[in-house]
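Trainee: Below are the structure tokens for one structure; questions will follow.
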Amino acid sequence: MMSAESDARPGVKIASVAPKHPNRALPRIQALYLLMDSETLTPLAFFDGTALTTLRTAAVSDNSCENTTKCAGTLNIRIKCRT
């Protein structure tokens, strides 16, 4: 479990890691992200946590790159290969 909070919305990501899943044609890592209302903690939406992590990792990596053009192309290829 990985919690996250901002002034506007709290949330939590729940992930599972199952090393034998590729043998079953299933993803090794599966995750969901639950976004909640900050005042009532009422669930507002579920997101694909694996996809969010892929996008976030690419964005953070790209942000730290010196040569943005080269890094953006590399990250784009990595995202396409994972999905």
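Bear in mind that the values in this text are calculations on the coordinates, not laboratory data. The structure presented is a predicted model; accordingly, all values stated were derived computationally and were not measured. Note that we place each Cβ from the backbone using ideal geometry, even for glycine, and neighbour counts take in every protein chain shown.
Trainee: Separation between the PHE47 and ALA18 pseudo-spin-labels, each 7 Å from Cα along Cα→Cβ, expressed in nm?
Mentor: Output for this residue pair reads 2.4 nm.
Trainee: Now for a separate question. In nm, to one decimal, how far is the modelled label at ALA8 from the one at LEU26, with both set 7 Å along Cα→Cβ?
Mentor: So the two model labels end up 3.5 nm from each other.
Trainee: Determine the gain in length on full extension of the stretch LEU55-LEU35; use 0.36 nm per residue of separation and subtract their C-alpha separation, reporting nm with one decimal.
Mentor: Full extension of this stretch gives 5.5 nm more.
Trainee: Please order LYS13, LYS20 by the number of other Cβ within 10 Å, starting at the fewest. Present the calculation step by step, with values, prior to reporting the outcome.
Mentor: On the way: LYS13 17, LYS20 8.
The order, fewest Cβ neighbours first, is LYS20, LYS13.
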